[in-house]
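Please treat every number below as a calculation from the coordinates, not as lab data. Predicted, not measured: the structure shown is a model, and the values here were computed from it. All Cβ positions, glycine included, derive from the backbone under ideal geometry; neighbour counts span all protein chains shown.
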Amino acid sequence: MNYSILRVFSIAITAILLASCGSEEPAVPELSFEEALQKQLIQAKSGDVIIIPAGVHEITRSLSLIVSGVTIAGAGIDASILSFKNQVQGAEGLLVSANDFVIRDLAIEDTIGDALKINESNNVQVLRVRTEWTNGPLSTNGAYGIYPVQSSNVLIDESVAIGASDAGIYVGQSSQIIVRNSRAEYNVAGIEIENSTFADVHNNVTTNNTGGILVFDLPNLPVQGGRNTRVYNNQIFANNTANFAPEGNIVASVPAGTGLMIMANDNIEVFENNFEDNNSANVLIVSYLINGLPITDPEYDPYPEAIYLHNNQYTGGGESPDSEPLALLQAATGQPLPDIIWDGMLSTGKTAADALCFSEAADTSFVSLDASNGFAQPSFDAAAHDCALPRLSAISLSLDSQ
């Protein structure tokens with residue numbers, strides 16, 4: 001045997017084995033955008049800014065954040081898009097339960113359920129955020145677009161909500177709220193303040209919704225006693241989209257063509273808004289009893305009180321009401337319905353002025369529907385409501401808008 005050849009061959013094999021042992025581990029597959037974002041949200045620390053770059057980013061599962069002091073920032077309301085069109089898991093797009101939270105400059109589209117839900121959080125800023133269901137107004141769309149609930153110190157600014165089957169911009173069971181400079185379109189309710197206190201809703205545009213702006217107080221919720229909301233300097237026009245809320249939802253009772261609807265809420269000031277061409281009613285003020293639903297909550301007050309309207313502008317509207325009592329009234333008069341419609345229901349011992357006062361232009365029209373008597377004797381006499389109430393204070397939040 002040629003031992004020199006064998007020795008060379010042995011050295012070569014050893015070198016190959018040593019080289020193999022010293023090689024790098026196989027490369028770990030790069031995380032997808034969705035996986036990386038989920039990881040960032042889970043591992044976030046206070047002070048972190050999570051960047052959503054420009055582009056359409058497909059997300060298939062709900063996102064969540066529970067760490068306070070985090071900002072989620074995109075490149076623009078139409079530039080950075082989280083698309084849930086192929087979502088397979090989760091009830092929301094993004095669920096946040098964290099204080100001192102900021103989300104800005106991005107869009108959330110086509111979620112199975114609510115787009116952006118913020119729960120039990122303090123100091124919340126939603127800035128230049130768009131939520132949208134891109135196939136138009138469908139009952140299969142998620143219920144809420146921008147949805148803070150049981151929260152405090154909430155600012156929603158320069159945002160857009162489109163296509164929600166309940167409310168585009170909804171703030172519920174919360175306190176110290178500002179919704180401003182935003183647009184709500186093709187939702188059942190454009191903007192809704194529900195069971196909340198101390199809210200300013202101003203300089204918004206609501207159009208092509210079923211109802212433009214709703215201020216509601218409902219029974220059987222953990223937080224009740226909605227009051228002290230100012231609705232002012234808004235453009236509320238042509239909210240005539242057919243109601244597409246799923247059956248059984250309370251907003252399914254909102255007549256298509258409603259500009260502003262106040263139900264069972266107290267101390268509401270409505271001023272310097274432009275109401276135009278809302279086909280059922282520019283302003284509709286009602287008791288919860290108008291729904292004919294039983295009230296099982298002994299603490300609930302179903303009557304609206306201390307509603308004050310002044311210095312608003314009314315153009316058109318009331319021409320094709322989506323409500324049997326309203327349609328019958330229009331047929332009886334042969335005229336478009338009045339600018340301000342009140343159901344006429346009063347709590348025991350209260351007067352018409354306790355429920356509603358207004359200081360509007362002389363040509364502003366009004367009707368009390370006499371709903372408690374089966375709509376038997378509607379009255380167009382506004383004399384009892386020719387009064388004024390103390391102005392409500394502006395809402396001031398200690399937040400740094402970014």
Length-normalised contact order of the chain, Cα under 8 Å, at least 6 apart, in percent, tallies to 8
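Tally Lys and Arg at +1 and Asp and Glu at -1 over the other residues with C-beta under 11 Å from the C-beta of Pro336: what net charge comes out?
Numbers: positive: none; negative: Asp277, Glu319, Asp339.
Taking every Cβ under 11 Å from that of Pro336, the sum is -3.
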Got a sec? How would Arg61, Arg183, Arg230 order by Cβ neighbour count within 10 Å, fewest to most? Arg61, Arg183, Arg230
In Å and on Cα atoms, what radius of gyration and Dmax does segment 38-112 show? 11.8, 31
Determine, for Cys357, Cys387, the number of other Cβ atoms within 10 Å of each Cβ, and report the residues in order from fewest to most. Cys387, Cys357
Compute the orientation-averaged projected area for the chain from the convex hull of its Cα atoms and round it to one decimal in nm². 25.6
The summed charge of the Val179 Cβ neighbourhood (under 13 Å; Lys/Arg +1, Asp/Glu -1) stands at -2
Ranking request for peptides 243-254, 35-46: highest mean number of other beta-carbon atoms within 10 Å first, then the rest in descending order. 243-254, 35-46
Amide hydrogen neighbours beyond the local backbone of Glu58, cut-off 5 Å, H modeled: Ser83
Normalised alpha carbon radius of gyration of segment 96-161 [divisor 2.2 N^0.38 Å]: 1.09
Return the sequence-ordered ³J(HN,Hα) values of segment 309-320 in whole Hz as given by the Karplus equation 6.51 cos²θ - 1.76 cosθ + 1.60 applied to θ = phi - 60°, using x for Gly and Pro. 10, 7, 6, 9, 10, 10, 9, x, x, x, 8, 8
Whole-Å distance, taken between Cα centres, linking segment 319-361 and segment 364-399: 9
Tally of Lys pairs whose C-alpha atoms are under 22 Å apart, taken over the chain, 8 or more apart or cross-chain: 4
Cβ density ranking, 10 Å radius, fewest first, applied to Glu194, Glu269 yields Glu269, Glu194
What order, most packed first, do the peptides 303-313, 171-181 have when packing is the mean number of other Cβ atoms within 10 Å of each residue? 171-181, 303-313
